[in-house]
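Chemist: Structure in structure tokens, see below.
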Amino acid sequence: MRFARSENLPSTTLVLSKHVNCLDDPQAGHLAWKQAQQCIKILSTSSQLVVMIERLKGHYLVPATLLIVIVQSWHALSEVHKRPGFSIRGFFQNRVRPEKDWEDKLRELPSTNCLRDNMKFLSSKPHHAGSARSREIAGYLLSQFQQWGFSSTIEEFEALLPTPTERLVELISPSQFKAKMKEPAISEDPDSSQTLQIPTFNAYSAEGDVTGELVYVNYGIPEDYQNLKDLGIEVKGRIVLARYGVCHRGVKPKLATKHGAIGCLIYSDPKDDGYFLGDVYPLGAYRPEEGVQRGSANDRYYPGDPLTPGWASVKGASKLKREEATVFQKIPVLPLSYGDALPLLKSLRGPVAPESWRGALPITYHMGPGPGVVRVKVSFEWSIKPVYDIIGRIEGSEYPNEWVLYGNHHDAWVNGAADPVSGTAVVLETARSLGELVKQGWSPRRTIIFALWDAEEWGLVGSTEWVEKHVAELQQKAVAYLNSDSTGKGQLRLEGCHSLGKFINEVVHEVPDPKRGKNLWQVLKAQASSAQKEVSRDVDIRIAPLGSGSDYTAFLDHLGIAVLNLNFASEGSGVYHSIYDTFRWYTQFSDSDFLYGRALSQIMGISLMRLANADVLPFDYVSPVAAITSYVDEIEALYKKARAPRRLSFAALRRELQTFGRSAAAYEKTLQTACSHNRYHDSSPKLSELNRLLYQTERLFAPEIGLPRREWFKHRLYAPGVLTGYDAKTIPGVREAIERDSWEEARQELVVFQRVLTRVTQQTVAAERKLRLALANN
Ligand SMILES: [Zn+2]
């Protein structure tokens with residue numbers, strides 16, 4: 001039977017009350033009974049009510065009042081269920097209450113004390129990937145998963161993790177200065193004085209010993225090189241000094257090389273994360289004079305172990321020769337503190353830097369070239385080291401072959417209290433809480449997998465190798481991957497696939513803001529509305545598209561698995577990737593009472609529970625249609641601004657988008673209808689087929705053939721920008737081709753994207769039909 005909408009209820013009640021007025025007439029009584037039965041069938045009531053009605057069967061002369069009471073109380077119940085908060089996307093009505101009850105229990109479980117204890121322990125010593133401490137941490141994490149009753153394992157991979165053996169930066173004329181490249185310990189913070197801190201360096205720099213005149217290149221992005229060119233300043237044969245910020249650090253030496261530079265220094269200007277913004281550590285949260293940002297400077301053709309692109313670096317796997325790998329920089333790169341950068345900047349003359357180039361150091365910023373001449377020398381020990389991913393599973397009771405995953409990395413550059421332990425501790429706390437629910441009798445219908453990744457800092461190594469090892473299984477089984485990384489006490493950030501937009505909007509309604517007496521959705525909405533006046537009060541918050549920079553990358557960009565990346569922003573920090581990112585710093589200047597960590601654990605816990613237990617997986621297509629439409633608008637505007645020698649037509653794509661829009665709306669309507677009713681036979685094979693279709697739809701965005709010149713990245717809706725590294729470029733194939741004036745490539749990529757959209761639309765139509773059939777056949 002088809003399901004009636006619950007809005008039909010008042011009129012049914014009216015009809016019924018009219019007939020029960022003449023219950024002394026057996027015929028009228030029979031009619032009333034039939035109608036009551038029909039009404040109850042339509043409403044598909046709770047099992048208790050059905051039992052009551054069955055008992056009354058055959059007794060037409062039921063007192064009129066009883067029937068009215070039955071129907072009216074059901075009506076009231078149904079009204080309650082229609083209230084916001086009494087439906088859950090993807091859950092049939094009869095499953096909402098039990099789900100909510102378990103979620104209420106879950107919300108109580110994450111403990112700020114446990115978060116604090118884990119942070120204290122995990123950040124107590126330096127633990128970069130490949131170190132002995134990192135191995136100890138892997139053992140501890142495994143023991144935690146085991147203690148909570150998960151089937152757990154450490155999966156080991158190998159990776160090329162070179163560490164520096166020699167680092168030298170010196171000014172050799174007109175004056176002499178040797179950079180210290182050493183962060184001093186701070187007496188207030190004992191963790192800053194530990195041994196075994198990895199030196200300040202940029203991973204995957206080239207080795208070399210170069211000497212040349214210095215040029216200041218601001219952030220070292222394409223516009224900056226254009227500016228230099230306009231002023232007639234060449235970087236060819238020279239060493240560039242760039243400041244951190246705006247793009248991924250690997251982009252800076254890459255562009256410097258492209259312009260002919262022979263070395264690249266990257267420093268942290270106090271304007272970007274130092275005293276310009278506030279007091280420096282230990283007095284305040286910002287970067288002190290000698291603080292250095294370490295970090296990988298890999299050229300991001302592919303993440304993971306540099307020697308095994310596209311396959312897993314398990315023991316014995318074949319490897320590229322070092323010179324065959326394309327992710328190393330071609331010139332020496334080293335990071336500097338502003339203490340070390342100041343004498344170098346002072347040595348420059350030439351034009352005064354434009355206003356937007358000036359940092360906050362007490363000098364007039366010049367661009368050079370020279371007269372300062374600088375020598376940069378760096379060499380590495382190129383060793384292959386073990387990498388440990390810790391995996392814990394709660395097996396699904398009904399659909400063990402559908403996986404919902406949640407991960408965060410565990411390796412740090414030094415102590416890493418904020419990055420990554422703040423997020424690692426939240427995974428542990430969420431896992432502990434769900435383990436506790438299992439002890440109380442809860443079981444997920446789908447399998448939940450927790451993952452703690454190693455060597456993220458070097459280039460997303462642990463997560464990428466794991467994905468490459470399990471690629472066939474993940475293609476088949478992965479429903480969604482949730483990711484976190486550093487988390488603080490600022491604004492909640494919702495990033496990910498738009499197909500999970502409605503889902504995550506609903507989840508954040510369920511979690512109170514720790515300090516504001518509202519739920520997190522209301523807080524976010526108020527922030528979004530003040531930024532954009534036109535945002536309607538009840539429209540979903542649009543989640544942001546993902547570029548790269550954390551462990552979701554392989555899941556999303558390589559395999560097309562739906563992902564969400566969630567965290568609270570860090571409100572002002574200058575300790576990123578330095579020895580000062582410690583327990584003391586975090587508990588003084590970030591989420592000191594761990595209340596936001598607990599809120600993130602509640603969000604993750606509820607998200608996992610809903611994804612694991614939904615009757616119909618909560619994907620939506622209305623949000624992607626809206627997002628894609630806005631991206632196509634942007635790209636068409638970009639095209640119109642460029643002086644294109646050949647015509648690109650967006651008309652067919654627009655038509656496809658309209659069809660997608662209609663099928664998305666139809667699917668949404670059918671899903672709403674489904675979720676407003678009870679179901680008893682919810683494990684029907686039809687629903688299983690539907691769910692598979694739903695989570696596989698995201699895969700269609702990542703066709704077998706990857707993006708031009710970076711094949712490993714396959715997703716055609718989201719990718720990190722080639723020249724941004726972190727930030728997303730949406731519809732990247734078309735957008736980046738237009739930005740580069742590659743018109744033939746733009747045309748080809750437009751065709752690819754349109755084909756992707758056609759297949760996604762067809763799948764949405766198929767999903768709607770399957771859902772309708774599943775309901776009708778019940
Ligand atoms: Zn991190």
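The values are calculated or read from the model by the stated rules, or taken from the named source; none is laboratory data. Treat the numbers as computed from the prediction; the structure is a model and nothing was measured. Heads up, the Cβs are rebuilt from the backbone with ideal geometry, glycines too, and the neighbour counts pull from every protein chain shown. The area values use the complete protein model at the heavy-atom level, side chains included, leaving out ligands, DNA and RNA. Shrake-Rupley method; radii C 1.70, N 1.55, O 1.52, S 1.80 Å.
Chemist: Cβ-Cβ distance below 8 Å, separation of 6 or more or different chains: which pairs start in the stretch 665-676 with a residue that is within 14 Å of Leu690 (Cβ to Cβ) and end on one that is in a helix (DSSP H, G or I) and charged (D, E, K, R)?
Modeler: Tyr667/Glu768; Thr670/Glu768; Thr670/Arg772
Chemist: Regarding the stretch 186-198, can at least one residue be identified that is in the same structural domain as Ala256 (by TED's automatic domain parsing) and within 19 Å of Gly370 (Cβ to Cβ)?
Modeler: no
Chemist: Also: What number of residues within the stretch 686-718 are within 10 Å of His558 (Cα to Cα) and small (Gly, Ala, Ser)?
Modeler: The number of residues fulfilling the criteria is 2.
Chemist: Restricting the search to the stretch 115-139, which residues are over 25 Å from the mean Cα position of the chain (by Cα) and under 28 Å from Pro306 (Cα atoms)?
Modeler: Result: Lys125, Pro126, Gly130, Ser131, Ala132, Arg133, Arg135, Glu136, Gly139.
Chemist: For Arg740, which of the numbered conditions (1) touching a residue at least 40 places away in the same chain (Cβ under 8 Å); (2) open to solvent by 40 Å² or more (accessible area, probe 1.4 Å); (3) not acidic (Asp, Glu) fails to hold?
Modeler: Failing condition for Arg740: (1).
Chemist: Within the stretch 411-455, take every residue that is open to solvent by 10 Å² or more (accessible area, probe 1.4 Å) and within 16 Å of the ligand (Cβ to nearest atom) and give me the one that is farthest from the chain's Cα centre (by Cα).
Modeler: Ala418
Chemist: Criterion first (outside the structural domain of Asn401 (by TED's automatic domain parsing), over 20 Å from Gln763 (Cα atoms) and at pLDDT 95 or above) does Tyr695 satisfy it?
Modeler: For Tyr695, the condition - outside the structural domain of Asn401 (by TED's automatic domain parsing), over 20 Å from Gln763 (Cα atoms) and at pLDDT 95 or above - is not met.
Chemist: Within the stretch 327-349, is even one residue more than 16 Å from the ligand (Cβ to nearest atom), on the phi > 0 side of the Ramachandran plot and either surrounded by fewer than 24 Cβ atoms within 10 Å (Cβ to Cβ) or not in a strand (DSSP E or B) (or both)?
Modeler: No, because not a single residue in the stretch 327-349 is more than 16 Å from the ligand (Cβ to nearest atom), on the phi > 0 side of the Ramachandran plot and either surrounded by fewer than 24 Cβ atoms within 10 Å (Cβ to Cβ) or not in a strand (DSSP E or B) (or both).
Chemist: Kindly establish whether Gln176 is modelled with pLDDT of 95 or more, open to solvent by 60 Å² or more (accessible area, probe 1.4 Å) and not assigned by TED's automatic domain parsing to the domain that holds Val246.
Modeler: no
Chemist: Could you list, in sequence order, the residues of the stretch 559-576 that are surrounded by 24 or more Cβ atoms within 10 Å (Cβ to Cβ) and closer than 28 Å to Ile449 by Cα?
Modeler: Gly560, Ile561, Ala562, Val563, Leu564, Leu566, Asn567, Phe568
Chemist: Let me ask you something else. If only one of Tyr596, Tyr552 is modelled with pLDDT of 95 or more, within 16 Å of the ligand (Cβ to nearest atom) and not polar (S, T, N, Q), which one is it?
Modeler: Tyr552
Chemist: Hey, Leu693 hits all of (1) out of contact with any strand residue (DSSP E or B) (no Cβ under 7 Å at 6 or more places or on another chain); (2) over 18 Å from His498 (Cα atoms) but one; which does it fall short on?
Modeler: The one condition Leu693 does not meet is (2).
Chemist: Given the condition open to solvent by less than 10 Å² (accessible area, probe 1.4 Å), modelled with pLDDT of 95 or more and within 16 Å of the ligand (Cβ to nearest atom), answer yes or no: does some residue in the stretch 395-407 qualify?
Modeler: yes
Chemist: What number of residues within the stretch 481-502 are hydrophobic (A, V, I, L, M, F, W, C) and either out of contact with any helix residue (DSSP H, G or I) (no Cβ under 9 Å at 6 or more places or on another chain) or within 16 Å of the ligand (Cβ to nearest atom) (or both)?
Modeler: Final tally of qualifying residues: 1.
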